[in-house]
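Notes for the one structure printed next.
A short reminder: the numbers here are calculations on the coordinates, not readings from a lab. Treat the numbers as computed from the prediction; the structure is a model and nothing was measured. Cβ: placed from backbone, ideal geometry, glycine included. Neighbour counts: every protein chain shown.
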Amino acid sequence: HCTASSDDLCHCQGCLGKYTLLRDEENPQLAKFERRLPCFGCGIGWSSFLLGFLCPLLWYYATTLYCCKYYNRDPRERPGLAASAIASFLHACKPSCDLIRRCVDGSVTIL
């Protein structure tokens with residue numbers, strides 16, 4: 001892994017000095033997001049969203065992370081965590097929607 005200022009060339013084995021390293025001197029936090037996301041590069045949010053179709057508990061796990069603002073650690077996680085939060089909300093609302101639909105159809109009576 002290379003560390004250098006914006007004027008230096010990269011001297012790592014992969015690029016052999018063909019590329020210039022990009023760093024923001026005013027905001028060194030930007031270099032933090034050059035690393036790969038966990039879960040095969042998809043991030044926890046999108047992995048939880050996709051795997052949630054097999055096990056919906058993963059949607060609730062990702063929703064907890066979203067509510068605890070886990071995305072402040074890495075903003076790239078926010079869209080996937082938000083998608084999982086929406087999926088968990090829809091999953092939780094489905095039984096209520098089914099009950100309302102049956103009441104409207106007349107197949108269930110509420111006392």
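Residues considered: Ile86, Ile44, Ile100. Of these, the only one that is touching an Asp or Glu at 6+ places or on another chain (Cβ under 7 Å) and among the β-branched types (Val, Ile, Thr) is Ile44.
Considering each of Arg78, Arg102, Arg73 in turn, give the residue that is surrounded by fewer than 18 Cβ atoms within 10 Å (Cβ to Cβ), within 11 Å of the chain's Cα centre (by Cα) and not hydroxyl-bearing (Ser, Thr, Tyr). Testing whether each residue is surrounded by fewer than 18 Cβ atoms within 10 Å (Cβ to Cβ), within 11 Å of the chain's Cα centre (by Cα) and not hydroxyl-bearing (Ser, Thr, Tyr) leaves just Arg78. When the stretch 49-60 is filtered for residues that are part of a helix (DSSP H, G or I) and closer than 14 Å to Phe89 by Cα, the ones remaining, listed by number, are Phe49, Leu57, Leu58, Trp59, Tyr60.
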